[in-house]
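The values are calculated or read from the model by the stated rules, or taken from the named source; none is laboratory data. Note that the coordinates shown come from a computational prediction; the quantities given were computed from them, not determined experimentally. Here the Cβ positions follow ideal geometry from the backbone for every residue, glycine too, while neighbour counts run over all protein chains shown. The accessibility values were calculated without ligands, DNA or RNA, using every heavy atom of the protein model including side chains. Shrake-Rupley method; radii C 1.70, N 1.55, O 1.52, S 1.80 Å.
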Amino acid sequence: MISVEGHSEYKFIKEVIVPHLADLGIFVFVQNMKGKIGLDRIETKLNDLIYKYDHITTFYDFYGFKKKGLGGNETKESLEDKIKNKIKETQRDKIIPYIQMYEFEALLFSDSEKMADGLNTYKNWIDSILNEFGNIETINNSKETAPSKRIGEHCTYIKTTHAPNILKKIGLTEIRKKCQGFDAWLTQLESLGTISSNAIKKRP
């Protein structure tokens, strides 16, 4: 089961990741947190669900947690550790916490041409950002200049429509080439298919 932050992530996972994993014999249910992510809510929600699935993973934005006032020293790794430790000890080996840095929108920067076309904007400002950040998953170091904020400054951006549609056009191959964290997470999910044919599948 993949627990996602909101509707945009839900559409992307449902329309792109679920079919990809199904081709590998891994069948996935998607659960939507509807934007309300915080360690306490995650603890309650995932501990309720963990018994029903062979594995649970997460797909939450790092900045999604900022609304809950996490400390300034928080990192992707420390946050993933905290999510893991919120799961009951007897079930902890079934959780694969994943935090997307810094926002889901970073993935859009995997292909500036398709991103610009999907947003009906010029690609020069996108290329400028790409020249500034060698690793697109490091865009950005401030929630005021996060990927979604930068996009909103240059064009009309409807997250629930634009993001999933653009990512579908870019395709997983290109996204994985440009986003090492995302690629490592997906590779880990794919490997579950070799461990168990029932990996992250809902139990009957």
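How many of the residues making up region 11-46 are part of a helix (DSSP H, G or I), surrounded by 16 or more Cβ atoms within 10 Å (Cβ to Cβ) and among the hydrophobic types (A, V, I, L, M, F, W, C)?
Qualifying residue count for the region: 8.
How many residues, within region 1-10, are among the hydrophobic types (A, V, I, L, M, F, W, C) and surrounded by 21 or more Cβ atoms within 10 Å (Cβ to Cβ)?
2
Cβ-Cβ distance below 7 Å, separation of 6 or more or different chains: which pairs start in region 144-157 with a residue that is under 15 Å from Phe133 (Cα atoms) and end on one that is surrounded by 14 or more Cβ atoms within 10 Å (Cβ to Cβ) and among the polar types (S, T, N, Q)?
Every condition considered, the pairs that remain are Ala146/Asn140; Pro147/Asn140.
Is it true that some residue in region 88-102 is part of a helix (DSSP H, G or I), under 22 Å from Asn140 (Cβ atoms) and without any contact (Cβ under 8 Å) to a residue 40 or more places away in the chain?
Checking region 88-102: not a single residue is part of a helix (DSSP H, G or I), under 22 Å from Asn140 (Cβ atoms) and without any contact (Cβ under 8 Å) to a residue 40 or more places away in the chain.
Please tell me if Ser110 is open to solvent by less than 20 Å² (accessible area, probe 1.4 Å), more than 19 Å from Glu74 (Cβ to Cβ) and either touching a residue at least 60 places away in the same chain (Cβ under 8 Å) or not hydrophobic (A, V, I, L, M, F, W, C) (or both).
Yes, satisfied.
Within region 72-87, can you find the residues that are loosely packed, with under 14 Cβ neighbours inside 10 Å and in a helix (DSSP H, G or I)?
Listed by number, the residues that qualify are Glu77, Ser78, Asp81, Asn85.
For region 60-74, indicate whether the set of residues that are within 17 Å of the chain's Cα centre (by Cα) and modelled with pLDDT of 95 or more is non-empty.
Checked against the condition, which is being within 17 Å of the chain's Cα centre (by Cα) and modelled with pLDDT of 95 or more, region 60-74 yields at least one hit.
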